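Q: Sending over a structure as structure tokens; questions will come in a sec.
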Amino acid sequence: MSFLTEDQRSIQQLAHDFAQSAVKNKARAAEADPAEMMQLWRQLADMGLAGLAFPETYGGAGADYLSYCCLIEELARVSASLAVMLSVHTTVGILPIFDFGNDAQKNRFLPDLLSGKHIAAFGLTEPDAGSDAGSGDTRAVPNEKGDAYRLSGSKIFITNALTAQIFVVTARSENTPGNKGLSAFIVPRDTTGFSVEKGDAKLGIVGSDWGTLVFDQAEVPAENRLGGGGDGFKIFMNSLNSGRVSIGAMAVGIAQGALDEATKYAKQRQQFGQPIANFQAIQFKLADMATEIAAARHLVYHAARLKDAGQPFLSEGSMAKLYASQAAWRATNEAMQIHGGYGYTTDFAIERYWRDARCLEIVEGTSEIQRLVIARQLLS
């Protein structure tokens, strides 16, 4: 991309080389073997990419958010599982601590997270609280001394649940209805009364683990509360706004990977005595895919630039996430159609791209929620 700065292009190239040389050939194996995925994570962390978009003060690489989006895109181009692992770790795991933590919390938790030694996760969704996240019932009750909270409840569909050491979660701590009663807490994995259960088998992004967080009178020090009482919903919405841009970048990467595979296959596959790439029907599919991917990429990069400039990007982030996730679904569908019967087998990568793309219209706010966000901004 000619409009990227030299530093951004360098990071993009570094990410591309790492993804193509170290990740691509192991993406399938990493779906079946968690040890393979953790090996890829350690390689990524050793390159300083686990804390790319955070200041060097705490051990980050000091890059901007657009550079981070380029990293997510290149990873998702070959492995959506590794990309979502990093995305959750960064935007909804670390970002709440970085944006709302006090100095003691930042100094305690950020160095190990930014180095990749520790992995972060976040807990917002509950069995009866999905899109209506403010209706969560997990409780946080102060103990007798007032120096700790006892958390009770559960969180579901938590990415990185099995591998994370640090969890940022919401719980109802105030006698205020709705989202104003939620507070945010940093919960280390070894917290007494806190446990993690493995999640159900997934359709896609299966190389990324997920699970259920269970709080049984889990004792969390009061010093681990982020911000003030009742600030939890605000903290998580702030992080989700950034996370949606990241998910948009992930969608662009999946779509680009699908286009890469479809283009290669169309040149190789012979029917009626010639490559199917010679047929206009195939050419039009490839052209439409490429056009939608370019449009999605511009939306994502625009939202990232606004964030880097300190400008509002609520609508732009939702637009990027909405359009890119739907473009990824269309691109993977078309890529599978180009592959024909072979695309439906596990011998070809396209079935993995197809499975992975479907999730992106659900996570970090469904497509319907994105439309609500955009519409409310238009009508406000």
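Q: Could you please give the count of residues in region 223-250 that are more than 14 Å from Gly101 (Cβ to Cβ), among the hydrophobic types (A, V, I, L, M, F, W, C) and touching an Asp or Glu at 6+ places or on another chain (Cβ under 9 Å)?
A: Within region 223-250, residues that are more than 14 Å from Gly101 (Cβ to Cβ), among the hydrophobic types (A, V, I, L, M, F, W, C) and touching an Asp or Glu at 6+ places or on another chain (Cβ under 9 Å) number 5.
Q: So which residues in region 7-38 are over 19 Å from Tyr353 (Cα atoms), among the polar types (S, T, N, Q) and exposed (fewer than 15 other Cβ atoms within 10 Å of the Cβ)?
A: Hits for region 7-38 are Ser10, Gln13.
Q: Taking into account only those residues within region 1-60 that are of a type in the set (Phe, Trp, Tyr) and assigned to a helix (DSSP H, G or I), which is nearest to the chain's Cα centre (by Cα)?
A: Taking region 1-60 and keeping what is of a type in the set (Phe, Trp, Tyr), we get 3, 18, 41, 54, 58.
Okay, now just the ones that are also assigned to a helix (DSSP H, G or I), so 18, 41, 58.
Details: Phe18: 19, Trp41: 15, Tyr58: 22 Å.
Among them, the one singled out is Trp41.
Q: Right, here's the next one. Before we move on, is Lys106 free of Cβ contacts under 8 Å to residues at least 60 places away in the same chain, closer than 26 Å to Leu82 by Cα and in contact with a helix residue (DSSP H, G or I) (Cβ under 9 Å, 6 or more places away or on another chain)?
A: Details: free of Cβ contacts under 8 Å to residues at least 60 places away in the same chain: yes; closer than 26 Å to Leu82 by Cα: yes; in contact with a helix residue (DSSP H, G or I) (Cβ under 9 Å, 6 or more places away or on another chain): yes.
Yes; evaluated as a whole, the condition is true for this residue.
Q: Can I ask one more? Are any residues in region 347-380 without any contact (Cβ under 8 Å) to a residue 12 or more places away in the chain and under 29 Å from Ile282 (Cα atoms), and if so, which ones?
A: Of the residues in region 347-380, the ones without any contact (Cβ under 8 Å) to a residue 12 or more places away in the chain are 347, 362, 372, 375-376, 379-380.
Passing the criteria: only Asp347.
Q: Continuing with the same structure: Got a sec? Which of Thr191, Thr212 is in contact with a strand residue (DSSP E or B) (Cβ under 6 Å, 6 or more places away or on another chain) and over 25 Å from Pro177 (Cα atoms)? Let's see the steps before the verdict.
A: On the way: Thr212 fails: over 25 Å from Pro177 (Cα atoms).
Checking each option against the conditions leaves just Thr191.
Q: With the checklist (1) surrounded by fewer than 18 Cβ atoms within 10 Å (Cβ to Cβ); (2) without any contact (Cβ under 8 Å) to a residue 40 or more places away in the chain; (3) of a type outside the set (S, T, N, Q) in hand, flag the one item Ala53 doesn't pass.
A: Unmet condition: (1).
Q: With respect to Arg352, is the statement that it is closer than 23 Å to Ala266 by Cα and among the charged types (D, E, K, R) true? Can you show your working first?
A: Details: closer than 23 Å to Ala266 by Cα: yes; among the charged types (D, E, K, R): yes.
Yes; evaluated as a whole, the condition is true for this residue.
Q: Give the residues of region 265-309 that are assigned to a helix (DSSP H, G or I), among the basic types (Lys, Arg) and touching a Pro at 6+ places or on another chain (Cβ under 9 Å), sorted by residue number.
A: Filtering region 265-309 for residues assigned to a helix (DSSP H, G or I) gives 265-268, 276-278, 280-308.
Now restrict to residues that are among the basic types (Lys, Arg): 267, 285, 297, 305, 307.
Within region 265-309, Lys267 is the sole residue that qualifies.
Q: Could I ask something else about it? Quick check: is even one residue across region 148-162 without any contact (Cβ under 8 Å) to a residue 60 or more places away in the chain, more than 22 Å from Gly227 (Cα to Cα) and in contact with a Pro (Cβ under 8 Å, 6 or more places away or on another chain)?
A: yes
Q: Could you check how many residues of region 123-169 are under 19 Å from Thr90 (Cβ atoms) and at pLDDT below 95?
A: Within region 123-169, residues that are under 19 Å from Thr90 (Cβ atoms) and at pLDDT below 95 number 2.
Q: For region 327-349, which positions are over 24 Å from Arg244 (Cα atoms) and among the aliphatic types (A, V, I, L, M)?
A: Correct list: Ala335, Met336, Ile338, Ala349.
Q: Right, something else. Within region 320-368, can you find the residues that are modelled with pLDDT under 95 and touching a Lys or Arg at 6+ places or on another chain (Cβ under 7 Å)?
A: Result: Glu364, Gly365.
Q: Across region 114-148, which residue is farthest from the chain's Cα centre (by Cα) among those that are assigned to a strand (DSSP E or B) and surrounded by 24 or more Cβ atoms within 10 Å (Cβ to Cβ)?
A: Within region 114-148, the first condition is being assigned to a strand (DSSP E or B), and the residues that meet it are 120-123, 126, 129, 139-142, 148.
Those still in the list that are surrounded by 24 or more Cβ atoms within 10 Å (Cβ to Cβ) too: 120-123, 140.
Details: Ala120: 12, Ala121: 10, Phe122: 11, Gly123: 13, Ala140: 27 Å.
The residue in question is Ala140.
Q: Continuing with the same structure: Residues being over 21 Å from Gly207 (Cα atoms) and either outside the structural domain of Leu299 (by TED's automatic domain parsing) or buried (at least 24 other Cβ atoms within 10 Å of the Cβ) (or both): count how many of those fall in region 322-362.
A: Residues in region 322-362 being over 21 Å from Gly207 (Cα atoms) and either outside the structural domain of Leu299 (by TED's automatic domain parsing) or buried (at least 24 other Cβ atoms within 10 Å of the Cβ) (or both): 6 in total.
Q: Pick out the one residue from Leu240, Leu203 that is outside any helix (DSSP H, G or I), under 30 Å from Leu322 (Cα atoms) and not assigned by TED's automatic domain parsing to the domain that holds Ala83.
A: Values: Leu240 fails: outside any helix (DSSP H, G or I).
One residue alone meets the criteria, Leu203.
Q: Could you tell me whether Glu316 is in contact with a His (Cβ under 7 Å, 6 or more places away or on another chain) and assigned to a helix (DSSP H, G or I)?
A: Values: in contact with a His (Cβ under 7 Å, 6 or more places away or on another chain): yes; assigned to a helix (DSSP H, G or I): yes.
Criteria met by Glu316.
Q: Out of Val92, Val84, report the one residue that is part of a helix (DSSP H, G or I), touching a Gly at 6+ places or on another chain (Cβ under 7 Å), among the aliphatic types (A, V, I, L, M) and touching a residue at least 40 places away in the same chain (Cβ under 8 Å). Working first, answer last.
A: On the way: Val84 fails: touching a Gly at 6+ places or on another chain (Cβ under 7 Å).
Going through Val92, Val84 in turn, the sole match is Val92.
The values are calculated or read from the model by the stated rules, or taken from the named source; none is laboratory data. As the structure is a prediction and not an experimental result, all values here were calculated from the model. In this analysis, Cβ positions are derived from the backbone assuming ideal geometry, glycine residues included, and neighbour counts consider all displayed protein chains.
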